[in-house]
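**Student:** Let me begin by handing over the structure; questions about it come next.
The values are calculated or read from the model by the stated rules, or taken from the named source; none is laboratory data. This one's a predicted model, so the numbers in the text were calculated from it and none came from an experiment. Glycine gets a Cβ as well: all are built from the backbone with ideal geometry, and neighbour counts include every protein chain shown.
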Amino acid sequence: MTDAPSSKTRADDGEGEYASGVTATAPSRDWRIDFWRGLAIVFIFWNHSVDNVMSWFTTKYYGLSDSAELFVFLSGFAMCGMFLSKFLRRPFMAAPYAVTRAFTLYIHHTAFVVIATLASAYRTYAGSSVMERDLFIRPFFIATETVITKLATLAYLPPLLDILPLYILLTLLLGLLFPVFRGNWKLYAGFAVVVWLFAFFTGATLSSYPDTRLWTFNPFAWQAVFLAGFCACLARDEPWLKRVVAAPATLALAVTIVIVGFIAAAPWATLGLLDWRPLRILTDVADKANASPIRLVHFLSLALIACWLVRRESGLGATRFGRAMILIGRRSLPLFVISTVFAAMSHGVFDWFGRSIPVQIVYALGMAGVLVGLAFVADALGKATKTKKSAPPSAPSAAPEPKRAPVRIEDGPESAKPATAAAP
């Protein structure tokens, strides 16, 4: 997304320019970031809903990457824009902000209790433990004291919310890196590569309760996806990057990679139509848990094509659909958590009403509509609050004009002059 202009701000910290030799920039807000992030939340909801036919309208089955890369990459991109606009002049304030932001994420992380409550309520009402079984909630009820402690220390990954612990760690990491690296994208890129290589060669990751489970998103590997978005935002105005993105050869390469990814994913085989997987080796090595570079390259190719198709001046953002996705993207954290609750509820809904295609479509579109409605309500409330805060205090009522002595016409011109004494 390098075709968007940005506003430049020089760091007033005695260094003038950073080690990269370029003036640090604070990019202006690009509506496409929120649009794609909002769309990713809807896609994640459909993908997390059990056996939902609507997942075929996402990128899940058509390539080597999915909505996870989109969401994490864009989160890094958006956080970079925010950090540059707030902390260029005071870089060391990034650390306390990161702690505050991580605490907000931590509070949302505990929303797992809501999902567990729904699973318990469904078992009581319907006599079925399908939600507990499918969502791996049973350990929470069996060893509540142990799991609560593990949840509080990020040692238990809550179902469907397992990406939030990753965000907590990445936010804290960025709070440490930004005061040191500032606006030098090369330092972030070098750090990301070194840490990813460390994870690849050593197998470093984090475990989750029970100890035989590992983190769904290895933070030592997925930091590279997050920082890739951060670096893309930092380097978006670099002349060489603009030339690369604008080159027809780059677009041709991206299209080729997407086609290869489609053949490797072999959606026809997933549907059971034809058991032909000529490039299965790519899917075997495209490890999602450890953020395989193959997946990142595939995602970046998709992102490049999206930038060519949807320009910043495009009218898509002004449509009802575009506006809805933008508003979801602007409130991505709470709406993501709500969408995971909807995804958890799908296990009970489909168990109760059956898993027919009409039920799946109605539930998927209905809950997506609820997300859109919540986004519009939140936007309206935000505007009302902002208007109320920014409204100037009401002006004091003007003092009444003094009453003047009546003018008697018959007194002639002399008496037509206004009286100077005001009546009490």
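**Student:** In the range 347-384, how many are touching a Ser or Thr at 6+ places or on another chain (Cβ under 7 Å) and not in a helix (DSSP H, G or I)?
**Tutor:** The total comes to 0.
**Student:** Shifting gears a bit: Only one residue in Val245, Val193, Val225, Val180 is within 20 Å of Pro293 (Cα to Cα), among the β-branched types (Val, Ile, Thr) and either at pLDDT below 95 or in contact with a Pro (Cβ under 9 Å, 6 or more places away or on another chain) (or both), so which one is that?
**Tutor:** Answer to the check: Val245.
**Student:** Cβ-Cβ under 6 Å, sequence separation 6+ or interchain: first residue in the range 60-71 and over 22 Å from Arg277 (Cβ atoms) and of a type in the set (A, V, I, L, M, F, W, C), partner at pLDDT 90 or above and assigned to a helix (DSSP H, G or I). Which pairs?
**Tutor:** Leu70/Ala40; Phe71/Ala40
**Student:** Against the definition (surrounded by 18 or more Cβ atoms within 10 Å (Cβ to Cβ) and assigned to a loop (DSSP other than H, G, I, E, B)), how does Leu174 come out, yes or no?
**Tutor:** For Leu174, the condition - surrounded by 18 or more Cβ atoms within 10 Å (Cβ to Cβ) and assigned to a loop (DSSP other than H, G, I, E, B) - is not met.
**Student:** Confirm whether Leu164 is in contact with a helix residue (DSSP H, G or I) (Cβ under 6 Å, 6 or more places away or on another chain), surrounded by fewer than 22 Cβ atoms within 10 Å (Cβ to Cβ) and modelled with pLDDT under 95.
**Tutor:** No: the conditions fail for Leu164.
**Student:** I would also like to ask the following. Out of Trp276, Trp268, Trp240, I need the residue that is surrounded by fewer than 16 Cβ atoms within 10 Å (Cβ to Cβ), free of Cβ contacts under 8 Å to residues at least 12 places away in the same chain, among the aromatic types (Phe, Trp, Tyr) and in contact with a Leu (Cβ under 9 Å, 6 or more places away or on another chain). Which one?
**Tutor:** Trp268
One line per residue, one yes/no per condition, for (1) in a loop (DSSP other than H, G, I, E, B); (2) of a type in the set (Phe, Trp, Tyr); (3) surrounded by 14 or more Cβ atoms within 10 Å (Cβ to Cβ); (4) touching a Lys or Arg at 6+ places or on another chain (Cβ under 6 Å):
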| position | (1), (2), (3), (4) |
| --- | --- |
| Cys231 | no, no, yes, no |
| Ile257 | no, no, yes, no |
| Ile281 | no, no, no, no |
| Lys288 | yes, no, yes, no |
| Ala291 | yes, no, yes, no |
| Ser301 | no, no, yes, no |
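**Student:** Now a separate question. If I ask for residues that are within 23 Å of the chain's Cα centre (by Cα) and either on the phi > 0 side of the Ramachandran plot or crowded, with 19+ Cβ neighbours inside 10 Å (or both), which ones from the range 342-361 would you list?
**Tutor:** Across the range 342-361, the qualifying residues are Phe342, Ala343, Ala344, Ser346.
Residue by residue, here is whether (1) outside any loop (DSSP other than H, G, I, E, B); (2) surrounded by fewer than 21 Cβ atoms within 10 Å (Cβ to Cβ); (3) charged (D, E, K, R); (4) at positive phi holds:
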position	(1), (2), (3), (4)
Glu69	yes, no, yes, no
Met82	yes, yes, no, no
Met93	yes, yes, no, no
Thr100	yes, yes, no, no
Val113	yes, yes, no, no
Phe136	no, yes, no, yes
Phe141	yes, yes, no, no
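**Student:** Any residue in the range 176-204 that's closer than 22 Å to Asn218 by Cα: show its pairings with residues that are surrounded by fewer than 20 Cβ atoms within 10 Å (Cβ to Cβ) and among the aromatic types (Phe, Trp, Tyr) at Cβ separation under 8 Å, as long as the two are six or more apart or on different chains.
**Tutor:** Leu177/Phe191; Ala204/Phe198
**Student:** So, one more: So which of Ala380, Ala384, Ala364 is surrounded by 22 or more Cβ atoms within 10 Å (Cβ to Cβ) and of a type in the set (Gly, Ala, Ser)?
**Tutor:** Ala364
**Student:** Next question. May I ask you to verify whether Met79 is modelled with pLDDT of 85 or more and under 14 Å from the mean Cα position of the chain (by Cα)?
**Tutor:** yes
**Student:** Report the residue count in the range 81-116 for those that are under 19 Å from Leu335 (Cα atoms) and either β-branched (Val, Ile, Thr) or free of Cβ contacts under 8 Å to residues at least 40 places away in the same chain (or both).
**Tutor:** Total meeting the criteria: 8.
**Student:** Under 9 Å by Cβ, and 6 or more places apart or on different chains, what pairs join a residue from the range 370-383 that is closer than 10 Å to Leu327 by Cβ with one that is among the hydroxyl-bearing types (Ser, Thr, Tyr)?
**Tutor:** Listed pairs, sorted by first residue: Leu371/Ser339.
**Student:** Quick check: is even one residue across the range 162-177 more than 18 Å from Val72 (Cα to Cα) and aromatic (Phe, Trp, Tyr)?
**Tutor:** no
**Student:** Leu296 versus (1) assigned to a loop (DSSP other than H, G, I, E, B); (2) of a type outside the set (Ser, Thr, Tyr); (3) under 21 Å from Asp162 (Cα atoms): which is the lone unmet condition?
**Tutor:** (1)
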